[in-house]
Each structure stands twice: as C-alpha cells, then as structure tokens.
Amino acid sequence: MRIFLHILAMSPALWLMWQGWLLYDFQDNMLTANPIKYIHHYTGEWAIRFILIGLAISPLRHIIKWPHIIKYRRMIGLYGFFYVMLHLVNFVALDYYFDWAIILKEIIKRPAITFGMAAAVLLLPLALTSTRGWIRRLGKNWRRLHRVIYVIAPLAVIHNFMMVKADILVPLIHLIILILLLGYRLAPKPGFSYTRA
Amino acid sequence: MLFKFLKSSDVKTREITSEKTYRGRRTFLQDSVKIGAAAASLAAFGGGLIGASPARAARVDGRKLENITRSGLYDTDERQTSYKAVTSYNNFYEFGTGKDDPARYAHRMKVRPWTVRVDGHVDHPGDYDLDDLIRPHALQERIYRMRCVEAWSMVIPWVGIPLSDIIKRLSPTAKAKYIRFETLVDKKQMPGQSRGTIKWPYTEGLRMDEAMNPLTLMAVGLYGETLPNQNGAPLRLVVPWKYGFKGIKSIVRISFVSKRPNNSWRQLAAHEYGFYANVNPAVDHPRWTQANERRIGEFRRRDTLMFNGYGDEVAHMYAGMNLKKYY
C-alpha cells in the first residue's frame, strides 16, 4: 500500500520530468511554448492538492471509518512540501534565474507572492520536524506546531486565487474544499474526541 | 487574387524541408550541450523551449497568401518566434482560458463567409464581406514584437493592411473620436463563451490617432499564410506598442464612436488593465512586474522596452500625458 501511494504521489513529478526530457529532446510535449510558466502552474496546483489531501485525512478516517489512513498523513504532507519546493525552485532558478534583487522585490511588493512565500516558509519547520526523533523530542508541542497547517492551507489557496487573471474556477474549487475540510473540524460531532486529530 | 489557396500536396513539401531544418538545429544544440558545463547545460535546456525550434517549422493548416509587399520599414530583425509557438500558445478566451485551448477548439469557428459590420459616425456604413473590406488594399508583411500583458513576448511576421487605409476608405465623420471593435459571439462555435469569464462580446478600442498610426495593422495572416483560427482568423487587430490584449481577434464589428469604448479587460479589472495599455516597463501590473519579459523560446528574461520599442513611431501621441494614470 505504501509503495503504491509513493508511486501515485510521485507520478505528477515523474510525468513532468518525462515532458521535460521530451522538450530537451525537441520532441512534442505538453509543456506549451512557455514551459516555465507551465511548470509553475503545474507544481503549484499539485502542492495545493497534496496540502488539501493531507487535511482531508483526519475527517476521512471518521467518514469512511478507516482509521488506518492516518498513518499515511505524514507522507502526504511531505509530498505537499516536495511539490511546494519544486514550485519554489522553478520560481527562483528557472523563472528569475537567481536574480535575488527582483525576487526579493516581488516577494515584498506583490501580496499574492507574499502569501505564497509565507505559506512555503511556514511549511519548512513542519517538514523538518516530521521525523520520529523530532516527534518524540517535541512531544505535545509537535501537535501544536503542526496546527500551523491551518494557516498554511488558507495562505496557499488565497495565493492561488490572487494569481489568476480571470478564470477563478480552479482556485474556487480549492477554496470550497478547504472550507469544507476546516468546517468539518469546527462542526460539533458527538462521540468523538478531536484532540488526537 | 488576394487569397490563393494551395493544393494540399504543397503542404507535404514544406513539412519535409522543415524536418531537415529541425534536425540540423537539433544537432547544433546537442553539440553545444556536449561542450558546455552544468550551467551551459541549463541554458541549453532554455534553448530547447519549443519556441526556439526553427522559425519555419511544419505548417499544416495555413493557406499561402499571394502578392505580399515587404517594405521592411517597421520590421524588427530579431529572431522570429516559431510558427508552432505562435499558433499553439494563445490567449483567446472565446475558446477557453488555457493557453492550448484556442489551438484545440478554434477549428470549430467558421471563418468564411465573414461579414464585418461598419457603423457609427462614418460615411460608408454597412455590412461588408471580408474580401470587399480587404481587396482594395495591398497586403503587407510586418514583422513586429508582440508583448503580452502576462510578461511574455514573441516576434511575429504578420500579413495585413494598415488600419488607416481602411479607415480612410470608410471615411469617418468629425464626430468619430474613437474606434471600437467587437469579436464574434457564437456559443456554438466558441465553447469558452458558455462561461462568463468575460462579458461577451470581447470589445476593444483605439483613439482615432492611434488607429491612424502607420504601425496599426489589420492582420489577415502570419508567416505568409492566412491566420489560423486560434490567432484570430479571419481578421484581427495588431497594435505592436500595446499589450497583446488590445489586438482583438475575429472582428465582426467596427464602430466609429465619440466616446471612449470600455474595453473588455478594463471592464473586468479597471485597476489592472487600462484603455491605453501601452507597453511600459515603468508601470507594473499590480500583481507582477512589467519591467521584464520572457521572449518565447528564450530562457532568461529580457528587459521590456518602452512602447515595446516603438517609441519613435508612437511616443508623440502621448506627449504630456501621465502614463502612470493612463496606463
């Protein structure tokens, strides 16, 4: 099951690498005439999808009554981080080619990019503390720290919303899913204790 | 004859030629990669962006236009963006908001016969068949830079007629201060119009002096062939010193009006998209910088030029205007 999930989670990145190879080899590919922008949208989309899937696991284990899926949550979260990093590397290395002056200016000046960058930075400590050692070391604080995801996810979705030009359909879908997932946590549910979530 | 259609057998010949060019360029790039270190290899990856493939790549849907004048007067000698990139990476929301949607769905649009309504303050209003509108004038090739408001750019060899020639023939009255254009509205042919991203019809406009500027072109073709549907067949506007969204596609109506038209993107977000939309590196889009751009087919961003490099021809029209206010 775990291997199957790894393959599933890696497949968007593998597909991207395959398309990148086709591009490099002057073959027809799906990356359009502006591959850097395409990669940007693609990795950003997958990052948000994984963050939302990660948030869905806790509600899902009650809804589909399958408590075991909680053990895959860390993996899902780390894949979210992985796609966020691809998104960032594309932004810094391919799009702006390490032009730090412009990159910094853009982060400060454009609220959409500020939000996106804030989400990425906040995700970093969560990814770093996802090892068993850190979970043990932080004890109760680990859970407290990882509640930051409730800030990261809205930041990411707002970032997505602010970046589109006219077609808000996709970020709207993300927003609705996010509201449902967060709303589920707030709704009173007799018979369950959510301190473990 | 203005629009001479070639036999389908002619297409094959072009495909073979382009294949040779394609192989040649590929070998060249492979060599350069072998020589290069890691950094050079990264740059070569950029060179491989499909826009960098040979300028005259395989063309299968075009039909050759005859008797094109090439004065070269306003042409740029920069490398032309590949036909494939020009015809596969388009903003034409009538067919969907994805960049590849127009190339995928625009074949549904019927571009012949095509009627253009001319109305407003003009001596010769009426419904003109496209050929009647175009035929009295000689076709010209114009190799222009095209700068999209999304900070990417291309170099495109358009074929068309100066808009001023058409305007002179239609003879607007003194009341005509602006010219307004509308795109076709037909949900059956244009699947993107089933969604309310933009208030249809797509509308654009120019001040009369902008419309009369010798750079302003009514294009019917590119790369010596009739416009592919995704590029705005059969008739589109090209205003090279303005952001690409001013270049309204598949025009069915030309109105001579006294008040400034409210163009579609300005209707949608007036704080982001203005009426003038002159390319201006000093005035950022609120959400991204306009100081630089990515030329399709190139890896590194390049600096954006004031008026997209056409200042000599157009700057005088905006003398004394606050371009930060009238963006």
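Read-outs throughout are calculated quantities, based only on the coordinates presented, and are distinct from any laboratory measurement. Here the structure is a predicted model, which is why all the values come from computation and not from measurement. Glycine also receives a Cβ, built like all others from the backbone with ideal geometry; neighbour counts cover every protein chain displayed.
Got a sec? Charge dipole of chain A, +1 on Cβ for Lys and Arg, -1 for Asp and Glu; which of A:L145, A:V121, A:I36 is way out at the positive end?
A:L145
Bin all alpha-carbon pair distances of the range A:116-191 at 10 Å intervals from 0 and give each bin's fraction as a whole percent.
Percent of Cα pairs in each bin: 17, 36, 32, 14, 2.
Quick one: give the max-minus-min coordinate of the C-alpha atoms of the range B:203-272 along each principal axis, largest first, in Å.
36, 25, 23
Relative to the longest principal Cα axis of chain A, at what angle does helix A:149-163 sit, 0 to 90 degrees, rounded to 10?
Computed tilt is about 30 degrees.
Quick one: putting +1 on the C-beta of Lys and Arg, -1 on the C-beta of Asp and Glu, what dipole do you get for the protein assembly as shown around its Cα centre, in Debye to the nearest 20?
Working: 74 positive and 41 negative charges, 516 e Å.
That gives the protein assembly as shown a dipole magnitude of about 2480 debye.
For the Cα atoms of chain A, what angle does the longest principal axis make with the long axis of helix A:2-24, in degrees from 0 to 90, nearest 10?
10
Please report the relative contact order for the range B:68-318, taking Cα pairs under 8 Å with a sequence separation of at least 6, and give it as a percent rounded to a whole number.
On the way: 554 pairs, mean separation 55.6, N = 251.
Computed value for the range B:68-318: 22 percent relative contact order.
How far is helix A:73-89 tilted off the main Cα axis of chain A, in degrees rounded to 10, range 0 to 90?
Long axis of A:73-89 versus the principal axis of chain A: about 20 degrees.
With +1 on each Lys and Arg Cβ and -1 on each Asp and Glu Cβ, how big is the dipole of the range A:107-161 about its Cα centre, in debye rounded to the nearest 20?
Using Cβ point charges on Lys, Arg, Asp and Glu, the range A:107-161 gives about 300 debye.
Taking beta carbons within 10 Å but only from partner chains, what does the mean come to for residues A:32-42?
Values: counts 11, 20, 12, 8, 6, 6, 3, 0, 0, 2, 0.
Mean shielding count: 6.
How large, in Å, is the range B:190-236 by the Kirkwood hydrodynamic radius built from its alpha-carbon pairs? Before the final figure, lay out each step's value.
Details: mean 1/r = 0.0774 Å⁻¹.
12.9 Å is the Kirkwood radius here.
If packing is taken as the average count of other Cβ atoms within 10 Å, what order do B:174-182, B:225-233, A:160-168 fall into, highest mean first? Spell out each step's value before the answer.
Working: B:174-182: 18.8, B:225-233: 23.7, A:160-168: 17.2.
So the order, starting with the most tightly packed, is B:225-233, B:174-182, A:160-168.
Calculate the mean, over all residues of peptide B:76-86, of how many other protein chain Cβ atoms lie within 10 angstrom of the residue's Cβ. If you can, show how the numbers build up before the last one.
Details: counts 0, 0, 0, 0, 0, 1, 1, 0, 2, 3, 1.
The shielding value for this peptide is 1.
Where does the Debye-calculated log10 I(q)/I(0) of the range A:2-186 sit at q = 0.10, 0.14, 0.15 Å⁻¹, using only Cα point scatterers of equal weight, no solvent?
The calculated log intensity ratios at q = 0.10, 0.14, 0.15 Å⁻¹ are -0.44, -0.86, -0.98.
Report, as an integer, the average count of C-beta atoms from other chains found within 10 Å of each Cβ along B:190-197. Numbers along the way, then the final one.
Details: counts 0, 0, 1, 0, 0, 3, 1, 5.
Partner Cβ neighbours, averaged per residue: 1.
Sorted by mean Cβ packing within 10 Å, highest first, what order do the peptides B:99-107, A:114-122 take?
Numbers: B:99-107: 20.3, A:114-122: 18.8.
The packing order, highest mean first, is B:99-107, A:114-122.
Considering the alpha-carbon set of the protein assembly as shown alone, what are its Rg and its Dmax in angstrom?
26.1, 84
Treating only the Cβ of Lys, Arg, Asp and Glu as charged (+1, +1, -1, -1), what charge dipole size does the range A:2-186 show about its Cα centre? Round to the nearest 20 debye. Could you put the intermediate results ahead of the total?
Details: 20 positive and 7 negative charges, 294 e Å.
It comes to approximately 1420 debye.
Classify the range B:68-318 as rounded, prolate or oblate, taking a ≥ b ≥ c as the square roots of the eigenvalues of its Cα gyration tensor: rounded when a/c is under 1.5, otherwise prolate if a/b is larger than b/c and oblate if not. Walk me through the numbers on the way to the answer.
Numbers: a/c = 1.26, a/b = 1.17, b/c = 1.08.
Judged from the Cα gyration tensor, the range B:68-318 comes out rounded (a/c under 1.5).
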